[in-house]
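To start, the structure itself, in structure tokens.
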Amino acid sequence: MLNLNPIKVNTINNRYTLLLIALISFILFSPLTTDSNIGRASFLVLFVFTILGVSRSALINRKNHWHLVVIGCSALFFHLLGVHNSLMHLMSKLIAIIFFVLAIWQFSVDVFMRSKANMDTLFGSICIYLLIGTVFATIYIILQEVFAHSFVLSANNVPIKNPFDFYYFSFITLTTTGYGDIIPNNQWARAFVTIESVTGLFYL
């Protein structure tokens, strides 16, 4: 059972630097994560890098640190099994959401319970913001797999498939920019898009 009580903050500096680099790299190189073998390999490398970043940052609580490592590795394991199995692929996405949500919770407690802000807390708050966008992007991928045509291009009503498009749409929604080139096409999609846009607005 994870300990979700407020954790004691230690004095380790630069805790979130690696995670911030990992998340920025994940976003920048997400166009490479296609359905091809190269795309799947790129996703694995980026996700492993992200797990390492989360693990480094989670050292504020060693018990939760190992829980996060196990959950992150489980997501990778099911991702590998899900290359030719849609159920395993779906399981990997659900586990990844659990992994990111628990990381957001732990980092939020650490960052916002500190009495003094510094560069590390700034990096931590940015990491939380990027993780929120990543969680919703993963939710959108699941919705598209479960309910076809959940997200479509507004120009021709064609459903989006590239994982990069979901991350792009998620962060556009999180920042409430809303270009309108991709639109939610059912009630479930619209509900999560609404939650994300409100979350992004209030987080800032």
(request) Could you tell me whether any residue of region 144-158 is without any contact (Cβ under 8 Å) to a residue 12 or more places away in the chain, aliphatic (A, V, I, L, M) and part of a helix (DSSP H, G or I)? (result) no
(request) Check region 195-202 and report whether any residue there is part of a loop (DSSP other than H, G, I, E, B) and open to solvent by 30 Å² or more (accessible area, probe 1.4 Å). (result) no
(message) Show the residue pairs meeting these rules: Cβ distance below 6 Å; 6+ apart or different chains; first residue within region 162-180 and crowded, with 21+ Cβ neighbours inside 10 Å and aromatic (F, W, Y); second residue modelled with pLDDT of 90 or more and part of a helix (DSSP H, G or I).
(response) F166/A137; F166/Y140; F166/I141; Y167/A137
(request) Give just the number: which of (1) at pLDDT below 75; (2) open to solvent by less than 70 Å² (accessible area, probe 1.4 Å); (3) part of a helix (DSSP H, G or I) does K63 not satisfy? (result) (2)
(message) Suppose the filter is under 25 Å from F29 (Cβ atoms), modelled with pLDDT under 95, within 18 Å of the chain's Cα centre (by Cα) and among the acidic types (D, E); does E196 pass it?
(response) no
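Yes/no per residue for (1) at pLDDT 90 or above; (2) basic (K, R); (3) in contact with a helix residue (DSSP H, G or I) (Cβ under 7 Å, 6 or more places away or on another chain):
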site: A75; (1), (2), (3): no, no, yes
site: G82; (1), (2), (3): no, no, yes
site: I95; (1), (2), (3): yes, no, yes
site: F100; (1), (2), (3): yes, no, yes
site: R114; (1), (2), (3): no, yes, yes
site: L131; (1), (2), (3): yes, no, yes
site: L143; (1), (2), (3): yes, no, yes
site: V146; (1), (2), (3): yes, no, no
(request) Among the numbered conditions (1) touching a residue at least 24 places away in the same chain (Cβ under 8 Å); (2) over 18 Å from N14 (Cβ atoms); (3) in a helix (DSSP H, G or I), tell me where F107 comes up short. (result) (2)
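The values are calculated or read from the model by the stated rules, or taken from the named source; none is laboratory data. All values reported here derive from a predicted model rather than from experimental measurement. FYI the Cβ positions are ideal-geometry reconstructions off the backbone, even for glycines, and counts take in every protein chain you see. What goes into the accessible areas is simple: the full protein's heavy atoms, side chains included, and nothing from ligands, DNA or RNA. Shrake-Rupley method; radii C 1.70, N 1.55, O 1.52, S 1.80 Å.
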